[in-house]
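Below you'll find the structure, written out as structure tokens, and then a few comments.
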Amino acid sequence: MRGKLIKLRGYERGDADALLRWMSDPEVTRFLGPTRIPQTRAFQERQVEDMLKPDVESKIFVVETLAGEAIGECGLRNFNWVSRNAELIITIGDKRYWGKGYGTEAVSLVLEIAFDRLNLHGVNLTTLATNERALRCYEKCGFAREGLFRERSFVDGSYVDVIAMGILRADYQQRRAGAVRGKP
């Protein structure tokens, strides 16, 4: 799937190096929640191999610039096919692309997949309350704050609130109809 800034593609075996780079960077991983296990190339190779297996529980894509540079990952996981819901995840691992709309476009494309192709009813996520850039992105894409988990995560030596957010199919369709008519 292609947008104006990025394209989404499936994982390839060669993506382990990029994943290792991103997941070894404390500045990238600090917003991913509690301390992650030490990263190794072998671990990331196993992660990529898992992504290559057919899986009805997740649809995770590599976020790539139009020039072909892998800069992150975005997708859906934890599908509940009875309730037609899933959880959104995103990491823009290449910091050169932070704050420039790449994450927002990736989220928008994944929402298009969620609602237009997978016929989901809702998409949810959680994010640290301190992750202001992510909160702006999610709200720009139509997510609403639905709940607060007080001091749920321990990051950088202190407890941090976690915000639950979600978007329903009707919200997505309403935003899309407004965009077609030229409204934000």
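The values are calculated or read from the model by the stated rules, or taken from the named source; none is laboratory data. Quick caveat, the model's predicted, so the values are computed rather than measured. Glycine gets a Cβ as well: all are built from the backbone with ideal geometry, and neighbour counts include every protein chain shown.
Identify, please: which residue in region 16-29 is surrounded by 15 or more Cβ atoms within 10 Å (Cβ to Cβ) and touching a residue at least 24 places away in the same chain (Cβ under 8 Å) and is, among those, nearest to residue 48 (Cα to Cα)?
The extreme case among them is 16.
When you check residue 20 against the structure, is it farther than 24 Å from residue 152 by Cα, out of contact with any Asp or Glu (no Cβ under 6 Å at 6 or more places or on another chain), modelled with pLDDT of 85 or more and of a type outside the set (Asp, Glu), yes or no?
yes
Being touching a Ser or Thr at 6+ places or on another chain (Cβ under 8 Å) and either surrounded by fewer than 18 Cβ atoms within 10 Å (Cβ to Cβ) or under 15 Å from residue 138 (Cα atoms) (or both) is the filter here, so list the residues in region 88-112 that pass it.
Matches in region 88-112: 102 only.
Checking residue 78 against (1) touching an Asp or Glu at 6+ places or on another chain (Cβ under 8 Å); (2) part of a strand (DSSP E or B); (3) surrounded by 14 or more Cβ atoms within 10 Å (Cβ to Cβ), only one condition comes out false. Which one?
(3)
So which of 34, 38, 54 is modelled with pLDDT under 95 and more than 26 Å from residue 14 (Cα to Cα)?
Matching residue, one of 34, 38, 54: 34.
Kindly list the number of the only condition in (1) more than 13 Å from the chain's Cα centre (by Cα); (2) hydrophobic (A, V, I, L, M, F, W, C); (3) surrounded by fewer than 19 Cβ atoms within 10 Å (Cβ to Cβ) that fails for residue 135.
Residue 135 satisfies every listed condition except (1).
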